[in-house]
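Colleague: Please see the structure below; I have some questions.
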Number of protein chains: 2
Amino acid sequence: MSDRRLQHDVRIVGAGLLGTSIGLALTEKGVDVALDDLSPTAVRLAVDYGAGRPARDDDRPGLVIVAVPPDVTARTVAAELAAHPRALVTDVASVKVEPLDELRALGADVDRYLGSHPMAGRERGGPVAARADLFLGRPWVIAMHDAVARPVVEAVEHLALDLGAVPVSMTAAEHDRAVAMVSHVPQLVSSVLAVQLTKTSDAALGIAGQGLRDMTRIAASDVNLWLQILCANTAPIAEVLVSLREDLSAAIDALENPGKPGSRRTIADLMGAGNAGVARIPGKHGSTRRYAQLVVMIDDRPGQLARLLTEIGELGVNMEDLRLEHSPGAPVGFAEVSVVPEVEAHLIEQLELRGWRIAGAS
Amino acid sequence: MSDRRLQHDVRIVGAGLLGTSIGLALTEKGVDVALDDLSPTAVRLAVDYGAGRPARDDDRPGLVIVAVPPDVTARTVAAELAAHPRALVTDVASVKVEPLDELRALGADVDRYLGSHPMAGRERGGPVAARADLFLGRPWVIAMHDAVARPVVEAVEHLALDLGAVPVSMTAAEHDRAVAMVSHVPQLVSSVLAVQLTKTSDAALGIAGQGLRDMTRIAASDVNLWLQILCANTAPIAEVLVSLREDLSAAIDALENPGKPGSRRTIADLMGAGNAGVARIPGKHGSTRRYAQLVVMIDDRPGQLARLLTEIGELGVNMEDLRLEHSPGAPVGFAEVSVVPEVEAHLIEQLELRGWRIAGAS
């Protein structure tokens, strides 16, 4: 418990996945955590899981964490600022401008408020899915604003660090533009692509490969949760989508007029810019390092992939990424293993010596 | 060699990745394979790899396989039909209508021709990347047309089966519409999304998660190869993209007018249809079965993932899919393991007993 940075007593409003997970992690570190929720059942469940104790009227928390749905975040933060006039308040909603604007409109004491957003994977599940280690290694955006006082910045940074997250500072507007680009637009594009699959034949879907599967995986996301998120960040999302639609229209014009001078160049330029765009995404551990990929054939039975990875480990090679590919109708699969380029040739040689079939390398 | 179906001597025109891979596989089965290419160097290299022997003027092949770039496929097929008046001819180009139309316009003897398309992963690399097992378990589309004679259908089916592929029959037009939907449109959508990343900040890219990475992976594809493919299938691709643009525009209108009655419903309907579309993609082995996913935390050092998979194997559980998630700046990762729902609870319990931390389940 000596390794904790946060020195405040904490009150958490909202015993869902995020609130309960934060409560679990802070309780493990010896913080006094008071839990509150509109639903007494949710509070009892979170207490049973070890996420803290039920809130009391005489609590005097140093830090209040609001973890309620986006559309009630601002009014809940305002109520907490009023009810606890000495407390610092943060929230964990996945949009940041709208709640801040609402708080200002309500005349709330925003110098004690600082919004934040843990980028913690799947946002589903409720208290039952909560985990103390949900935030380990994830970015935790701290959405700075002009009026904020230093103690609340420090408290939220300490909270993120105590939970094993990586604090990342940006303004609320920068945050909302960033998540529009890296999260909200990809979600909508995946959905819009998947909608086209409702209009195609079973035969066409039968020859689908990994590309389509990757492109539509997140189209299976929860509609109600995403509706709230998207509707709270409409302008930044629309801005990126309009730009995307312009590029899409250029491609459509070129494809509808393939004989027109410049049509091929339009497609080539667009794909070239796509190459450049994807190259900007940082790789593992935030680096922009490129890895070598090799594709190893594996039988589809228990233990085969484990044997492959064990042997890669025995060779002293650290795998940077792993992806499985499936083959409809066949009892074989392919494991795409990413490694630093320096070890690629050695690894291929050694795996082939051990009887593995390398189906490709790049 | 007794297990082979194809009884013809084979001539392969084009010693690239596909031609050389086919040659390797057929030679292994004892077929006489004659290799030809505009480049004598490519032929010599393919022969060195064991893909067959150099073609001779007095060859009388029973089956000619044309494996040249899409834009020279038709004229090459026509030349082969004329040069070998008793031979059956197929090709492996990734578009099928345009070559067939061209052949008809050239007055070629199309009753001896049947186009095909092996859906064989990455289409890059040349003869050096060739593998006899490149087609194992992959769909091999046989693009039927009205004039085709039975012997050529049988020969191409035997070829696909001898190479370990799964023959799938459809018409040339059905094929081109199918690959437009499952391959060409996802490629362009990924590129168009990735283009937007050239216009965003490093800070935004720093909080990107797995969703964006999945959506833009194929945007890194080779521009020249894809330019040829896309430009040979313009109408079916444009048709799907126009439909996609309509859905995208509906989303943009809703996001630009969030207060307008019906706007939220538009977004919800679109995401719901996306849910329905992605559910239509067959899963592993062509089934539409849904799997349970659990997310297991792993340290980022050699052997950790292997140990996890070994233990899953020891528990007798067959993993249906595996996906790794990264965490910028942190020495931990997450393995998302898919299993049949019946074993999920047992697997979670046993893994936790063995000290693994389960970061989530669904």
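Colleague: Could you check B:Asp202 against (1) closer than 26 Å to A:Leu322 by Cα; (2) more than 7 Å from chain A (Cβ to nearest Cβ); (3) crowded, with 23+ Cβ neighbours inside 10 Å; (4) not basic (Lys, Arg) and say which number it fails?
Modeller: The failed condition is (3).
Colleague: Let me ask another. Evaluate the following for B:Ala120: is it within 14 Å of chain A (Cβ to nearest Cβ), touching a residue at least 40 places away in the same chain (Cβ under 8 Å) and not in a loop (DSSP other than H, G, I, E, B)? Even if it seems obvious, please write down each step before you answer.
Modeller: Working: within 14 Å of chain A (Cβ to nearest Cβ): yes; touching a residue at least 40 places away in the same chain (Cβ under 8 Å): yes; not in a loop (DSSP other than H, G, I, E, B): no.
In short, no.
Colleague: With the requirement that a residue be within 8 Å of chain A (Cβ to nearest Cβ) and within 27 Å of B:Leu6 (Cβ to Cβ), what does segment B:173-182 give you?
Modeller: Our first condition is that a residue be within 8 Å of chain A (Cβ to nearest Cβ); within segment B:173-182, this holds for B:174, B:177-179, B:181-182.
Result: B:Glu174, B:Ala178, B:Val179.
Colleague: How about segment B:225-241: which of its residues are at the interface with chain A (Cβ under 8 Å from one of its Cβ atoms) and within 16 Å of B:Ser190 (Cα to Cα)? Break it down into steps so the answer makes sense when it comes.
Modeller: Restricting attention to segment B:225-241, the residues satisfying the condition of being at the interface with chain A (Cβ under 8 Å from one of its Cβ atoms) are B:226-227, B:230-231, B:234-235, B:237-238, B:240-241.
Answer for segment B:225-241, where residues must be at the interface with chain A (Cβ under 8 Å from one of its Cβ atoms) and within 16 Å of B:Ser190 (Cα to Cα): B:Trp226, B:Leu227, B:Leu230, B:Ile237, B:Ala238, B:Val240, B:Leu241.
Colleague: I'd like the full set of residues that are basic (Lys, Arg) and either facing chain B (nearest Cβ under 7 Å) or assigned to a helix (DSSP H, G or I) (or both), limited to segment A:258-281.
Modeller: Once the filter is applied, which keeps residues that are basic (Lys, Arg) and either facing chain B (nearest Cβ under 7 Å) or assigned to a helix (DSSP H, G or I) (or both), segment A:258-281 yields A:Arg264, A:Arg265, A:Arg280.
Colleague: State which residue is surrounded by the fewest Cβ atoms within 10 Å (Cβ to Cβ) when the search covers only segment A:146-172 and only residues that are in a helix (DSSP H, G or I) and within 12 Å of chain B (Cβ to nearest Cβ). Before the answer, list the steps.
Modeller: Start the filter on segment A:146-172 by keeping residues that are in a helix (DSSP H, G or I), which leaves A:150-162, A:172.
Subsequent filtering for residues that are within 12 Å of chain B (Cβ to nearest Cβ) retains A:160-161.
Values: A:Ala160: 24, A:Leu161: 16.
Top of the filtered list is A:Leu161.
Colleague: Is it the case that A:Ala143 is touching a helix residue (DSSP H, G or I) at 6+ places or on another chain (Cβ under 6 Å), crowded, with 24+ Cβ neighbours inside 10 Å, assigned to a strand (DSSP E or B) and more than 8 Å from chain B (Cβ to nearest Cβ)? Lay out the reasoning, then the answer.
Modeller: Working: touching a helix residue (DSSP H, G or I) at 6+ places or on another chain (Cβ under 6 Å): yes; crowded, with 24+ Cβ neighbours inside 10 Å: yes; assigned to a strand (DSSP E or B): yes; more than 8 Å from chain B (Cβ to nearest Cβ): yes.
Answer is yes for this residue.
Colleague: Further question: Kindly indicate which of A:Ser169, A:Ser116 is over 18 Å from A:Gly23 (Cα atoms) and of a type in the set (S, T, N, Q). Don't jump to the end; show me each part of the working.
Modeller: On the way: A:Ser116 fails: over 18 Å from A:Gly23 (Cα atoms).
When all the criteria are applied, what remains is A:Ser169.
Colleague: Going through segment B:28-42 one residue at a time, which ones are surrounded by 19 or more Cβ atoms within 10 Å (Cβ to Cβ) and modelled with pLDDT of 95 or more? Steps first, please.
Modeller: Step one: list which residues in segment B:28-42 are surrounded by 19 or more Cβ atoms within 10 Å (Cβ to Cβ), which gives B:31, B:33-37, B:42.
Selection gives B:Val31, B:Val33, B:Ala34, B:Leu35, B:Asp36, B:Asp37.
Colleague: From the list A:Ala78, A:Ala83, which residue is surrounded by 20 or more Cβ atoms within 10 Å (Cβ to Cβ), more than 26 Å from the chain's Cα centre (by Cα) and more than 26 Å from A:Val128 (Cβ to Cβ)? Don't jump to the end; show me each part of the working.
Modeller: Details: A:Ala83 fails: surrounded by 20 or more Cβ atoms within 10 Å (Cβ to Cβ).
Of the residues listed, the single one that is surrounded by 20 or more Cβ atoms within 10 Å (Cβ to Cβ), more than 26 Å from the chain's Cα centre (by Cα) and more than 26 Å from A:Val128 (Cβ to Cβ) is A:Ala78.
The values are calculated or read from the model by the stated rules, or taken from the named source; none is laboratory data. For clarity, every value in this text was computed on a predicted model and none was experimentally measured. For neighbour counting, all protein chains shown are included, and Cβ atoms are generated from backbone atoms with ideal geometry for every residue, glycine included.
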